[in-house]
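Engineer: Submitted below is the structure of interest, expressed as structure tokens.
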Amino acid sequence: MKVIFFKSVPSVAKKFDVKDVADGYALNFLFPKELAEMATPEALAKLEEFKKAHESELKIQADLLEKNLGSLKEVVITLSKKANEKGHLFDSIHKDDLVSALKEQAHVDMTAEFIDLSRPIKEAGEHEVSVKVNGQEASFKVVVEAL
């Protein structure tokens, strides 16, 4: 069955990909979780509109973020997570957590695509996280407090 992915599925497809998948996988997993829909001609036309809107939104956001990269250097985000005695977090911090924290604490609106985090943060303490936009790079500080 040919489907359109509206969310990224690890090891399967990225957002907006059109792929053939097994019928059972599509019917029992992808469709109920609203990760994809059947690739009908109407859905493919709608996909092109989504792609154009998404690309223009990303371009606008990238341009705004690029102009404000200098102010990002002063941003300090504080997160509190449960940790053991050694400071290892029970639940790691991912890009999406950083995006929501940036929005709440620093009023900076960005997507996870711009954050350059090679692996999730798994320890309490101070961490430098870099942001790459249109070839330019800046970083902000994340302070993880152990609960």
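The values are calculated or read from the model by the stated rules, or taken from the named source; none is laboratory data. Quick caveat: nothing in here was measured; it's all calculated off a predicted structure. Note that each Cβ is placed from the backbone with ideal geometry, even for glycine, and that neighbours are counted across all protein chains shown.
Engineer: Among all residue pairs at least 6 apart or on different chains, which show Cβ distances below 7 Å where the first residue, located in region 131-143, is among the charged types (D, E, K, R) and the second is outside any strand (DSSP E or B)?
Structural biologist: As it stands, the answer is 132/114, since those pairs meet every condition given.
Engineer: Sticking with this structure for a sec: Take the conditions in the same structural domain as residue 129 (by TED's automatic domain parsing) and aliphatic (A, V, I, L, M) and apply them to residue 58. Does it pass? Break it down stepwise before answering.
Structural biologist: Values: in the same structural domain as residue 129 (by TED's automatic domain parsing): no; aliphatic (A, V, I, L, M): yes.
No.
Engineer: Could you tell me which residue of region 1-29 is farthest from the chain's Cα centre (by Cα), considering only residues that are under 22 Å from residue 115 (Cα atoms) and assigned to a strand (DSSP E or B)?
Structural biologist: 13
Engineer: Grab the helices (runs of 4 or more DSSP H) fully contained in region 30-147, keeping just those with 1 or more residues being over 16 Å from the mean Cα position of the chain (by Cα) and of a type in the set (Ser, Thr, Tyr). Let's see the steps before the verdict.
Structural biologist: Values: elements: 41-67, 69-72, 95-101.
Once the helices (runs of 4 or more DSSP H) in region 30-147 are filtered for at least 1 residues that are over 16 Å from the mean Cα position of the chain (by Cα) and of a type in the set (Ser, Thr, Tyr), what remains is 41-67, 69-72.
Engineer: Looking at (1) free of Cβ contacts under 8 Å to residues at least 40 places away in the same chain; (2) surrounded by 11 or more Cβ atoms within 10 Å (Cβ to Cβ); (3) not aromatic (Phe, Trp, Tyr), which one does residue 32 not meet, given that it meets all the others?
Structural biologist: (2)
Engineer: A further question on this structure: Within region 74-100, restricting attention to residues that are exposed (fewer than 11 other Cβ atoms within 10 Å of the Cβ) and among the acidic types (Asp, Glu), which residue is modelled with the lowest pLDDT?
Structural biologist: Ranking the candidates gives 74 first.
Engineer: While we're here: For region 21-33, does any single residue satisfy the condition of being charged (D, E, K, R) and not assigned by TED's automatic domain parsing to the domain that holds residue 131?
Structural biologist: Applying the first criterion (charged (D, E, K, R)) to region 21-33 yields 23, 33.
So of that shortlist, the ones also not assigned by TED's automatic domain parsing to the domain that holds residue 131 come out as 23, 33.
Yes, the conditions are met somewhere in region 21-33.
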